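Take a look at the structure below.
The values are calculated or read from the model by the stated rules, or taken from the named source; none is laboratory data. From a predicted model like this one, the values you see are computed outputs, not experimental measurements. For neighbour counting, all protein chains shown are included, and Cβ atoms are generated from backbone atoms with ideal geometry for every residue, glycine included. Side chains included, ligands, DNA and RNA excluded: accessible areas come from the protein's heavy atoms. Shrake-Rupley method; radii C 1.70, N 1.55, O 1.52, S 1.80 Å.
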Amino acid sequence: LILRTHYSGDITPEKAGIEVTLAGWAHEIRDLGGIAFLVLRDREGFAQITLLKKRVDPKVLETVRSISRESVVQVRGTVKAEPKAPRGFEVLPSDVKILSAAEAPLPLDPTEKVDCELDTRLDARFMDIRRPCILAGFEIESAVLRSLRECFYKNGITEVFTPKIVAAATEGGTDLFPISYFEREAFLNQSPQLYKQMLMGAGMDKVFEIGPIFRAEEHDTRRHLNEAISIDVEISFADDKDVMELLEGAVSGAYKYVSENCTRQLGVLGLDLQVPKVPFRRITYTEALELAKGRPGVEMKWGDDLDRETEKFLGETIGEHYFLTDWPSSIKPYYTLPYEDKPEVCRGFDLMHPRMELASGAQRVHDYKLLVERIKEKCLDPAGFEFYLKAFRYGMPSHSGWGLGLSRLVMTMLNLENIRDAVIFPRDRRRLVP
Ligand code: ATP
Ligand code: MG
């Protein structure tokens, strides 16, 4: 059973004379006196199906006239070069079938002529993704993932999966979703952090995981969701500088891969992608505070977390990807390694896009005693971390790693305003369906 021999994208004027079977959606039907057009849309673009009323089989014409917009159709016909048609060809049909009729009215108009509210679009996401500019974004996301995975394989990093149902918080926060787990309470994991570190104690040396993280924070921003995909890496016998290099290479490599392999999608989006040059600028937290003094009306003390306004100001000032390094130990998690000679500063870093944070990483504490001390300093109870701490008592190499938010990488790459646009079925404070 051959429902389709070609995608619209496979056809060029040079293919004139060949017989093709196309399948897709009825994007548009125009009936103009002596001629009628059916524009068929598939994931690669459009094909103009031309019906010359004097020449075409009346049954085919009748079928085309009865097609409701967005119905799934199959068209068999002959390719003809036609300079006036989009992409220089049309298809003269010998047979048209309606495979699945669409009801009217449509929940939203996928022809991109009407711009509608994000909520309406997300409610009818299946229809929204029929719009070529929305589909293009998700195809690019897949290319980004492919590029990242290839980068990891090339670096000898093993892909792993760690549990998403867990008994305790990674960072002892309260921002966890509780779930009922038989007779106990469990949680959805906020990060694979503890598990990927335990795998360093397992001798796996270099691991990566691409999977969901869950954050029960009630934020209502354009860059936070309650479920997100995190790209996590952990490397043994590596320091913070080593994994920063890996991270900037992975990010700029993803841009390069997309710019070389997604030219059609970038064209649909009207984007001219600039590949960020490595190495990215490194700016210490202390230097960032100095820079932030250039912004009127801010009083920031050393040790304060950088607020959103400062983050924006730095982004505008720097104007390209950069690393923020050497954070105060007090505002980074307990597993971040303090400098030996100045323990108030640690080897934690954030990768920043001018618009927002993309990733956080660090060289980790691998000494058991120091780790217990750090947990206590953060007013957490080491007993709650016993399963994790155990892995540090029987030989744990030094290690470093990071977690990169997939949707933030894609939304900044594609200049999307809202992270919800970079996720097929986003989960936020209000949205649990579809
Ligand atoms: P932010 O300060 O921007 O809220 P974070 O520092 O809390 O982020 P991390 O715990 O460092 O986030 O997580 C690592 C990465 O995962 C972040 O840099 C970001 O790209 C992504 N990420 C974290 N939380 C979310 C979220 N709620 N929605 C989308 N992406 C997220
Ligand atoms: Mg962070």
- Contour excess over end-to-end distance, with Cα ends at GLU316 and GLU217 and 0.36 nm allotted per residue: 32.9 nm
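Evaluate the relative contact order of the chain (contact order divided by residue number), counting alpha-carbon pairs under 8 angstrom at least 6 apart; express in whole percent. Please report the intermediate quantities before stating the final value.
Working: 807 pairs, mean separation 55.2, N = 434.
About 13 percent, as a whole number.
First measure r as the distance between the Cβ atoms of SER68 and PHE138, then evaluate 1/(1 + (r/R0)^6) with R0 = 35 Å and state the FRET efficiency to the nearest 0.05. Mind showing how you got there, number by number?
Details: r = 26 Å, r/R0 = 0.74.
In this case the efficiency is close to 0.85.
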- Task: Would you compute, from DSSP H runs of 4+ residues alone, the mean residue ellipticity of the chain at 222 nm, taking -39500 (n - 2.57) per run and dividing by the full residue count, rounded to the nearest 500?
- Result: -8000 deg cm²/dmol
- Message: Quick check on my link table: of LYS154/LYS196; LYS53/LYS84; LYS312/LYS332; LYS196/LYS301, which ones sit more than 23 Å apart, alpha carbon to alpha carbon?
- Response: LYS196/LYS301
- Note on the structure: The local net charge around GLU159, scoring Lys/Arg +1 and Asp/Glu -1 for residues other than GLU159 whose Cβ lies under 14 Å from its Cβ, equals 0
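With helices defined as uninterrupted DSSP H runs, which ones in the chain have an alpha carbon span along their own long axis of at least 18 Å and mean Kyte-Doolittle hydropathy of at least -0.5? Intermediate results must be reported in sequence, preceding the final value.
Details: long enough: 132-154 (33 Å, 0.46); 240-261 (31 Å, -0.37).
Long hydrophobic helices here: 132-154, 240-261.
Are there trypsin sites (Lys or Arg not before Pro) in segment 243-295 that DSSP puts in a loop and that have at most 13 other Cβ atoms within 10 Å, and which ones?
Answer in residue order: LYS277, LYS293.
Leaving out ligands, DNA and RNA, and with a 1.4 Å probe, what % of the accessible surface on segment 152-250 is carbon or sulfur? If you can, show how the numbers build up before the last one.
Values: 2530 of 4680 Å².
Solvent-exposed carbon and sulfur of segment 152-250 make up 54 percent of the total.
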- Message: Based on DSSP loop calls and a cut-off of at most 16 other Cβ atoms within 10 Å, the longest stretch of the chain free of exposed chymotrypsin sites (Phe, Trp or Tyr not before Pro) is what?
- Response: 8-160
- Task: Largest first and to the nearest Å, give the Cα extent of segment 208-256 along each principal axis.
- Result: 36, 27, 17
- Item | Separation in nanometres of the label points that stand 7 Å from Cα toward Cβ, at LEU118 and GLU171 | 2.3
- Item | Extension gain, ASP272 back to LYS369 (0.36 nm per residue minus Cα-Cα distance, nm) | 29.8 nm
- Message: List the GluC sites (Glu not before Pro) within segment 338-372 that DSSP assigns to loop and that have no more than 14 neighbouring Cβ atoms inside 10 Å.
- Response: GLU340, GLU344
- Qualifying trypsin sites (Lys or Arg not before Pro) for segment 59-155 [loop in DSSP, other Cβ within 10 Å: at most 11]: LYS84, LYS113
- Query: Out of every Cα pair in the chain, what percent are spaced more than 44 Å from each other?
  - Reply: 27
- Message: Suppose the chain between ARG393 and ILE331 were pulled fully straight at 0.36 nm per residue; how much longer would it get relative to their current alpha carbon spacing?
- Response: 19.7 nm
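If you average the sequence gap of Cα pairs under 8 Å that are 6 or more apart and divide by the length of segment 101-247, what percent do you get for the contact order? Intermediate values should be presented prior to the final figure.
Numbers: 163 pairs, mean separation 24.3, N = 147.
Here the relative contact order equals 17 percent.
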- Item | segment 231-367: relative contact order as a whole-number percent, Cα under 8 Å and 6+ apart | 21
- Message: Rounded to the nearest 20 debye, what is the charge dipole size of the chain about its Cα centre when +1 sits on each Lys and Arg Cβ and -1 on each Asp and Glu Cβ?
- Response: 1460
- Query: In whole Å, what is the distance between the alpha-carbon centres of segment 264-312 and segment 34-48?
  - Reply: 45
- Once amide H atoms are built 1.01 Å from N in the peptide plane, which residues 5 or more positions from LEU358, or in another chain, come under 5 Å H to H? LEU351, MET352, HIS353
- Query: Calculated FRET efficiency, ARG87 and ARG429, Cβ-Cβ r, R0 35 Å, to nearest 0.05?
  - Reply: 0.20
